[in-house]
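Heads up: the structure comes next, in structure tokens.
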Amino acid sequence: MITVSDTRTPETDSGGDLLAQLIAGAGHAVVSREIVRDDVEAIRGALQRALATEACRAVMLTGGTGTSPRDVTPEAVRPLLERELPGFGELFRMLSFQEIGPAAMLSRAFAGSRSGKVVFGLPGSPAAIRLAMERLALPELGHLVGEATKRMGQHAHKH
């Protein structure tokens, strides 16, 4: 779990706290948790540390997915992904639109995989984290991890 923020501390990371609660509540372990500043190299370093953790099967980043100049999480992470999962961002924005209206288009939430592990880039707001996790990520997490860890050429079924 990685919180991307120039202002959050372990004491004020309410989005990260909620994300950890949702992950644990769904029966998954939070293997590591880190807060990094809105900086491409800092984000990449945190992602690479998480991906190198053997027990890690999925990395959740929260924050830095908006449209301000400091929001660089997609730019930091996307080039490192081996595969993108465009449906996650599309569905997140559709569901978000139903809740908040056209401001949903400002989200650059994304998902993909790297090194056999799933990577999610979530917004930082607790409401958006809850929506993304409860409606999309958690219901499919086991399936996504299973697909990401398959070797090329071994497909149980096609979608």
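The charge dipole of the range 9-69, taken about the Cα centre with unit charges on the Cβ atoms of Lys, Arg (+1) and Asp, Glu (-1), comes to about 220 debye, rounded to the nearest 20. The phi torsions of the range 58-74, fed into the Karplus equation with coefficients 6.51, -1.76 and 1.60 and a -60° offset, translate into couplings of 8, 10, 10, 9, 10, x, x, 10, x, 10, 6, x, 7, 7, 10, 4, x Hz, rounded to whole numbers, with Gly and Pro shown as x.
Taking amide hydrogens as placed 1.01 Å from N in the peptide plane, the amide H of Thr3 sits under 5 Å from those of Glu34, Ile35, Val36, Thr62, each at least 5 positions away in sequence or on another chain. Under the convention that each Lys and Arg Cβ holds +1 and each Asp and Glu Cβ holds -1, the size of the dipole of the range 8-159 around its Cα centre is about 420 debye. Its Cα gyration tensor gives the range 1-136 an equivalent ellipsoid; the semi-axes, largest first and in whole Å, are 20, 16, 16. Ordering of 23-29, 97-103, 84-90 by packing is 84-90, 23-29, 97-103, highest average first (other Cβ atoms within 10 Å, averaged per residue).
Using the Karplus relation 6.51 cos²θ - 1.76 cosθ + 1.60 with θ = phi - 60°, the per-residue 3J(HN,Hα) values for the range 107-112 come to 7, 10, 4, 8, 8, x Hz, with x marking Gly and Pro. Only helical runs count toward this figure. For the chain, summing -39,500 (n - 2.57) over DSSP H runs of n ≥ 4 and dividing by all residues gives -12000 deg cm²/dmol at 222 nm. The local environment of Ala52, defined by Cβ-Cβ distances under 15 Å, has a net charge of +3 under the rule Lys, Arg +1 and Asp, Glu -1. Under 5 Å between amide hydrogens, which residues at least 5 positions from Arg114 or on another chain qualify, with H placed 1.01 Å from N in the peptide plane? Close amide H contacts, sequence-distant or interchain: Glu82, Val119.
Rule-based calculations on the coordinates, nothing more; no lab input. If you're wondering where the values come from, they're calculated on a predicted model, not measured in any experiment. Here Cβ is always computed from backbone atoms with ideal geometry, including for glycine, and neighbour counts include all displayed protein chains.
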